[in-house]
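A short write-up of the structure that comes next.
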Amino acid sequence: MRITVLGKSPSWQDANGACSGYLIEEDGFHLLLDCGNGVFSKLRRFIDYVDVDAVVISHLHADHFLDLVPYAYALTYAPRQQPVPVDRWPGTDCPACPDLHVPPGATDLFRRVVGAWGNEDLIEKAFELREYDPAAPLEVGPLRLRFQPVPHFTETNAVEIASSNGGGRITYGADHAPAEALVDFARDTDLLIIEATLPRPEREGPRGHVTPGEAGEHARKAGARRVVLTHFSDELGEDWARREAEATYGSRVEVAHEGAAYDV
Ligand SMILES: [Zn+2]
Ligand SMILES: [Zn+2]
């Protein structure tokens, strides 16, 4: 199983960057995990977007789903989608419709977003839209997904990806405040992809993110075998972030770069 970083920025893009998006490949199957602003363009560097089999969204913040809008326009209006390429889907007249697995409530939220300019059904017509139950495992092609709700400013799910062909596990924390539930969920994982958004803990109000030092602490407590920091700004300083995380993890930590790939 291979995971490629398409975007690692927080809720605003790095210079020339993209927000959250990861491409997972296993046995010819392609899963896009989160689709934040800028991700559709980055995706196209690696794969033809009609060859994505499924998309999974961790939570309904703009930096994790907003590029579903241009993606849906491409699936609907790209010249080769008209006429419908029936040879790719024998026996159907359906154009490329990747499965889109979204948190509960996403259908209504998408209608409000694209409905703002009168395109209410844009996303649900372009994709095979399904709201998942975070309490239930999800089989997506050869991949087995599990979800773990984590504390954030909106309902958010960490996602575990494992192959049904055996092999390792990837744990993606999504966005979260410090969370024992994530430590348990990521126990002994082969690869923990964990956010490191903050230069210091939030000074007031409820917490919603972690610092690099806190990310390293989660990884150490979980016994994660390999750690990649993500969801941090190029303004934060990746060397500083790595040092902070290594001090609490107690070993080497990697920082996400666009295009970096990890095999599990
Ligand atoms: Zn985010
Ligand atoms: Zn978020």
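Tabulated data for the structure shown
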quantity	calculated
Under 22 Å from Lys42, Cα to Cα: lysines that are on another chain or at least 8 residues apart	Lys8
Stretchable slack from Ser41 to Glu120, in nm (0.36 nm times residue separation minus alpha-carbon distance)	26.1 nm
Extreme residue, positive dipole direction of the stretch 137-264, given options Leu138, Trp240, Pro199 (C-beta unit charges)	Leu138
His231 accessible area, 1.4 Å probe, all protein chains in place, Å² to nearest 10	10
Projected-area mean, the chain, by convex hull of Cα positions, square nanometres	14.0
The chain - percent of accessible surface contributed by carbon and sulfur, probe 1.4 Å	48
Of Phe153, Phe127, Phe65, the one that fluctuates the most in a GNM where the chain has Cα springs shorter than 10 Å	Phe153
The chain - share of DSSP beta bridges that are antiparallel (%, nearest 5)	60
Most mobile of Trp240, Trp12, Trp117 in a GNM of the chain (Cα contacts under 10 Å)	Trp117
Calculated on alpha-carbon atoms, Rg and Dmax of the stretch 94-228 in Å	16.9, 51
The chain - accessible surface per residue (Å², probe 1.4 Å)	42
Choice from Glu128, Glu254, Glu204 with maximal GNM fluctuation in the chain (Cα, 10 Å cutoff)	Glu204
The stretch 201-264: mean projected area of Cα convex hull, nm²	5.1
Net +/- balance of residues flanking Ala245 in space, Cβ distance below 12 Å, scoring K and R +1, D and E -1	-4
Computed helical MRE - 222 nm, the chain, DSSP H runs ≥ 4 contributing -39500 (n - 2.57), nearest 500	-7000 deg cm²/dmol
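The values are calculated or read from the model by the stated rules, or taken from the named source; none is laboratory data. Treat the numbers as computed from the prediction; the structure is a model and nothing was measured. Virtual Cβ from ideal backbone geometry, glycine too; neighbours counted across all protein chains shown. Protein only, heavy atoms only, side chains kept; ligands, DNA and RNA dropped before computing areas. Shrake-Rupley method; radii C 1.70, N 1.55, O 1.52, S 1.80 Å.
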